[in-house]
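Engineer: I'd like to ask you about the structure that follows.
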Amino acid sequence: MTTDMSLAAKSKKPGGPRKAAPWIGVVLVVAVLIAVVFGVRAAASRGGGAVDGGAADSVTIGLKLAPTNLDIRNTAGSSLDQILIGNVYEGLVARDSDNKVVPALAKSWDVSDDGLKYTFHLRDGVTFSNGDALTAEDVVWSLDELVSKQYHDADSLKNLETIGASGDDTVVLTLSKPYSQLLWALTGRAGLVFDKDAKYVAKTQAVGSGPYLVKEFKPNTMITLEANPKYWGAQPKTPTVVVRYYADDNAAVNALKSGEVQVLAPIGAQLAEPFRKDTAKYVVETGEGTDKYVLGMNNAAGHPTADKKVRQAIRYAIDHDQLIAARGGVDKALGGPIPSLDPGYEDLTKLYPHDAEKAQALLKEAGYTKEHPLRLTLTYANTYGSEIGDQLRSQLKEVGIDLKVNVVEFSTWLQDVYTDKDYDLSLVDHNESHDFTQWSNPDYYYGYDNKDVQRLTDEGLHATDDATRDAKLAQAARIVSEDAAADWLLNYRITTAMDKGVTGFPLNMNQTYLPLWNVAYTPAK
Amino acid sequence: MNRPDRRRVPEAPARIAAEHGPRGRLRRAGVVVASMWAHGAGRFALVTLGLWILVSLVSLFWTPRSLWETNGYAVWAKPSADHWLGTDGVGADVFSWLMAGSRTDLVIVALTVLVALAIGLLLVAAMTSRAAALAHGSVVLIDALISIPTVLIALMLAVPLGASVAVIVLACGFGYGLNLARVARPSAMLAARSMYVESARADGASAMRVFATHIVPNVMPTLVVQCSLSAGTAVLAEAGLTYLGVGVPSGVPSWGHSLSTSVRFINIYPLTVLWPGLLVTVVVVALNLFGDALREAADPLTNPRLRGDDGHRRR
């Protein structure tokens, strides 16, 4: 009995703290949450003075995708092109900021009238960073190795027949058939010149002829570049460039805020907003790129999207301007497969303007009604975020298309869509330059097979002058767009945020090609 | 003062309930709820959970804005009359998405607790079995399996299942089920070895019957608390797994979805992250308190109103 009574007495007065504890707990949790949110903001905005001002003989750059090693001949990934080409390694030719071919190790070149023979005249007195002279022999060896060992990008040199040297300063390439993109291909990995006699560990070291040499490399974290004292040209403006990699966007933003980096590229247009407003300290710029956000449609028979009317309806249904506005408004509308920095570009955005009524009419013609609506599945990799899918579902719903959005792992996308071609709609950022040829490959995952496009592309690629090439490719691109073989949602443009004192940082295409010799940093007093 | 002593025996509550039939049970439930209401913590839990269920039901028929309404020109809008909690990255209404998300989370929590309870009871049955091999084997098995992180199980389940509610329910249900069994084991063993179980067995009661009428009522108070803790953790797991991309698939409203889509912009639009975060916090606190309050209110040992009520009626 006593037990019962004492228990009863206990439960009657549960005790003050016990009663109050939950409420205090809630309040505490909320307070902590708020404190964390604002604490992070406050801490981030407090920085700025962390950089050692003064000399500006060093600048730190924040990038996103990090290389796992430095072996540019064997390792895929644009992060290696970005940091090594034009900085550590050089090719016979290079790209300017408009993606046009300019001289590099070759001071000039001649092309025979039939387009089959390219003669490159090398610069005098060029040495590698180890002191070895760079001669025609090194160039021939580099190209021979590329072809025989099938190094990365070897297949971009199409129709190549012979590689020869004539003396120490002339290199001659002959082709079996004219190839109008050969020079551009040589600006990339395929054209890089390596030292035949150098012995180094390619994964962690680099010996090139560029303005910088790799002083320190920490995989996935950072690279320190130092001016190459033996460089043939003018010394780079900043002797030391440190590159740090931030996979996480918020970490990157905080690094710029705290002054850990002076440049951040890329930064999301929306994340850049606070920097854009803070004009006293930062400059935010947007550069052109060749990233094409392609809404792939399965053109192969047996899919609803094999019907041209359905594909056209989808293109009319999509409000591209709204997609771009939601992303921060810096991207560009793109009406066809060729972006403005590539040969054959033509503004095709007027072909399929946003027109919901036209879309509905086309769907009706294709045999879809309210009772029997068109049901499609959009499959894309989760790297692109759920936003675009959500918007497309809502936009297509307005014209009566029932869109199921399936956001999957990249590997799943690769298997289901790219390899098995088992999809209706797909979304990919095709970021490569000069990749229009994918539309003349009927085996590509689009399943697009148009003989006219294939013929025109072929004629464009084998043209002996640029004007013919551009005209043919433009013609082919127009057909692809008119056929509504896909929809081009937008042309992604790269946003770069910098400390106000930074000059000479490349803006266009800086995710694949980032020559740093012209970058200078003057810290604010 | 002369009540029979067996009232103090732990299995008593279930027996009383059984004796009184459905009406008695209903009355008991009323008393339990009233007792919970009498305490601040219990009241908070009841109000929050009640609101949660109500909002979930309402969201089936009505949300302030359509979920599928997007507006690229009005993304990340601040709270306004049109959008009570502002808009997200595609211009959809945050309040509507959170409302609709509450029903997804409710379903996930309910299913997770059911799965956990089923697995937990199954394991308790195995551990209290009279077959020594089964009893000992299951203890070893639980100890081994409990060391596998729930997130790892979820990631592995996501390989065949993809991002889906089933991943959360199965992974959490499994993990929490093991936990449940382990926590319930002492009281279950105590009951299994007790005199009344022995006498029931002597009476010829089957193992199943012994488990259902004697062991389960004994572990129930422990299980109730554990279930409500599990429910709270399930809400957190939904948010976490959805953030990792293996939870609720894209396009299905859930609090985790609202969190994960806005967290990238926490530096610029902290409010949008705050709403789902706050909601999850409040609900998880409520669930945790609910278990404690329910155990105290439903156990005649700690709740005199149950005893008084019962004693009065029995006289």
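Engineer: Kindly compute the accessible surface that chains B and A hide from a 1.4 Å probe when together, both sides summed, and give it to the nearest 100 Å².
Structural biologist: Numbers: alone 16550 and 24420 Å², together 37200 Å².
Summed over both sides, the interface buries about 3800 Å².
Engineer: Keeping every protein chain present and rolling a 1.4 Å probe, give me the accessible area per residue for chain A in Å².
Structural biologist: Normalised by residue count, the accessible surface of chain A is 43 Å².
Engineer: Okay, moving on. With a ≥ b ≥ c taken as the square roots of the eigenvalues of the C-alpha gyration tensor of chain A, please select rounded if a/c is under 1.5 and otherwise prolate if a/b is larger than b/c or oblate if it is not? Kindly include the intermediate steps, with their values, before the conclusion.
Structural biologist: Values: a/c = 2.31, a/b = 1.24, b/c = 1.86.
Note, shape of chain A comes out oblate.
Engineer: Considering the dipole of the stretch A:292-491 built from charges on the beta carbon (Lys and Arg +1, Asp and Glu -1) around the Cα centre, which of A:361, A:439, A:310 is farthest to its positive end?
Structural biologist: Checked the options; the winner is A:361.
Engineer: Also: Starting from the Cα-Cα distance between residue A:127 and residue A:107, subtract it from 0.36 nm times their residue separation and give me the gain in nm to one decimal.
Structural biologist: Taking residue A:127 through residue A:107 to full extension adds about 5.7 nm, to one decimal.
Engineer: Continuing with the same structure: Report the FRET efficiency, 1/(1 + (r/R0)^6), for residue A:76 and residue B:131, where r is their Cβ-Cβ distance and R0 is 56 Å, rounded to 0.05. Mind showing how you got there, number by number?
Structural biologist: Working: r = 58 Å, r/R0 = 1.04.
The value I calculate is 0.45.
Engineer: Considering only lysines 8 or more places apart in sequence, or on different chains, count the pairs in the stretch A:292-491 whose C-alpha atoms sit under 19 Å apart.
Structural biologist: Close lysine pairs found across the stretch A:292-491: 21.
Engineer: Using alpha-carbon pairs under 8 Å, 6+ residues apart, how would you state the relative contact order of chain A in percent? Spell out each step's value before the answer.
Structural biologist: On the way: 1070 pairs, mean separation 105.8, N = 525.
About 20 percent, as a whole number.
Engineer: May I pose another question? If contacts are Cα pairs under 8 angstrom and at least 6 residues apart, what is the relative contact order of the stretch A:292-491 in percent? Before the final figure, lay out the partial values.
Structural biologist: Numbers: 363 pairs, mean separation 73.4, N = 200.
Worked out over the stretch A:292-491, it gives 37 percent.
Engineer: What is the calculated FRET efficiency for residue A:117 to residue A:69, with r their C-beta to C-beta distance and R₀ = 25 Å, to the nearest 0.05? The partial results should precede the final answer.
Structural biologist: Numbers: r = 37 Å, r/R0 = 1.47.
Plugging the Cβ-Cβ distance into 1/(1 + (r/R0)^6) gives 0.10.
Engineer: Using the alpha carbon gyration tensor of the stretch A:398-525, what are the three equivalent-ellipsoid semi-axes (square root of 5 times each eigenvalue), largest first, in whole Å? Kindly include the intermediate steps, with their values, before the conclusion.
Structural biologist: On the way: eigenvalues 242, 123, 38 Å².
Listed largest to smallest, the semi-axes of the stretch A:398-525 are 35, 25, 14 Å.
Engineer: Also, quick follow-up: Can you compute log10 of I(q)/I(0) for the stretch A:346-419 with the Debye formula, treating each Cα as one identical point scatterer, at q = 0.24 Å⁻¹?
Structural biologist: Ignoring solvent entirely, the Cα scatterers give -1.03.
Engineer: If you don't mind, there's one more thing I want to ask. For the protein assembly as shown, give me the percentage of DSSP beta bridges that are antiparallel, rounded to the nearest 5 percent.
Structural biologist: About 75 percent, rounded to the nearest 5.
Engineer: Here's a follow-up. What list of whole percents do you get for P(r) of the stretch A:292-491, with Cα-Cα distances grouped in 5 Å bins up to the one holding the largest distance?
Structural biologist: With 5 Å bins starting at 0, P(r) equals 1, 8, 16, 21, 20, 17, 11, 4, 2, 0, 0, 0.
Engineer: So, one more: Treating only the Cβ of Lys, Arg, Asp and Glu as charged (+1, +1, -1, -1), what charge dipole size does the stretch A:89-191 show about its Cα centre? Round to the nearest 20 debye. If you can, show how the numbers build up before the last one.
Structural biologist: Working: 9 positive and 17 negative charges, 66 e Å.
Charge dipole of the stretch A:89-191: 320 debye, to the nearest 20.
Engineer: How big is the gap, in Å, between the Cα center of the stretch A:290-367 and the Cα center of the stretch B:243-312?
Structural biologist: Value for the Cα centre distance between the two parts: 43 Å.
Engineer: Moving to a separate point now. May I ask you to give the solvent-accessible area per residue for the stretch B:141-296, in square angstrom, as obtained with a 1.4 angstrom probe?
Structural biologist: Details: 6320 Å² over 156 residues.
Here the per-residue accessible area is 40 Å².
Engineer: Would you mind telling me the share, in percent, of accessible area of the stretch B:86-182 contributed by carbon and sulfur at probe 1.4 angstrom? Please report the intermediate quantities before stating the final value.
Structural biologist: Details: 2990 of 3850 Å².
Accessible surface attributable to carbon and sulfur in the stretch B:86-182 totals 78 percent.
Engineer: For the stretch A:89-191, what Kirkwood radius comes out of the mean inverse Cα-Cα distance, in Å?
Structural biologist: Numbers: mean 1/r = 0.0726 Å⁻¹.
After inverting the pairwise mean of 1/r, the radius is 13.8 Å.
Engineer: Quick one: of the DSSP bridges fully inside the stretch A:292-491, what percent are antiparallel, nearest 5? List each step's numbers first, then the result.
Structural biologist: On the way: 12 of 23 bridges.
Roughly 50 percent of the DSSP beta bridges within the stretch A:292-491 come out antiparallel.
Engineer: Take the alpha carbon atoms of the stretch B:52-70, find their center, do the same for the stretch B:95-125, and report the distance between the two centers in whole angstrom.
Structural biologist: That distance is 19 Å.
Engineer: List, by residue number, every residue in the stretch A:323-339 with a reduction of 10 Å² or greater in accessible area between the chain on its own and the complete protein assembly, 1.4 Å probe.
Structural biologist: A:325, A:326
Engineer: What is chain B's relative contact order, in percent, from Cα pairs under 8 angstrom and six or more apart in sequence? Don't skip to the answer; put the middle values down first.
Structural biologist: Working: 415 pairs, mean separation 73.2, N = 315.
Dividing the mean separation by the residue count of chain B yields 23 percent.
Engineer: Using label points projected 7 Å from each Cα along Cα→Cβ, tell me how many nm separate residue B:148 and residue A:159, to one decimal.
Structural biologist: 5.9
Engineer: Another question about this same structure. Apply the a/c threshold of 1.5 to the C-alpha gyration tensor of chain B and tell me whether it is rounded, prolate or oblate. Walk me through the numbers on the way to the answer.
Structural biologist: Working: a/c = 3.20, a/b = 1.68, b/c = 1.90.
Oblate, since a/c reaches 1.5 and b/c is not below a/b.
Engineer: Sticking with this structure for a sec: Can you send over the carbon and sulfur percentage of the accessible area for chain A, probe radius 1.4 Å, protein chains only? It would help to have the intermediate numbers written out before the result.
Structural biologist: Details: 11690 of 22550 Å².
Its accessible area is 52 percent carbon and sulfur atoms.
Engineer: Also, quick follow-up: At 7 Å along Cα-to-Cβ for each site, give me the label-to-label distance between residue A:200 and residue A:404 in nm.
Structural biologist: Roughly 5.4 nm, to one decimal.
Engineer: Here's a follow-up. Report which residues of the stretch B:62-92 become buried by 10 Å² or more of accessible surface when going from the isolated chain to the complete set of protein chains (1.4 Å probe; DNA, RNA and ligands ignored).
Structural biologist: Buried on complex formation: B:68, B:70, B:72, B:73, B:75, B:76, B:89, B:90.
Engineer: To continue, here is another question. Which residue, B:165, B:282, B:219, tops the fluctuation ranking in a GNM of chain B built on C-alpha contacts under 10 Å?
Structural biologist: Comparing B:165, B:282, B:219 in the GNM, the peak value goes to B:282.
The values are calculated or read from the model by the stated rules, or taken from the named source; none is laboratory data. Just so you know, these numbers come straight off a predicted model, no measurement behind them. Cβ coordinates were reconstructed from backbone atoms using ideal geometry, including for glycine residues, and neighbour counts include every protein chain displayed. For accessibility, only protein heavy atoms count, side chains too; no ligands or nucleic acids. Shrake-Rupley method; radii C 1.70, N 1.55, O 1.52, S 1.80 Å.
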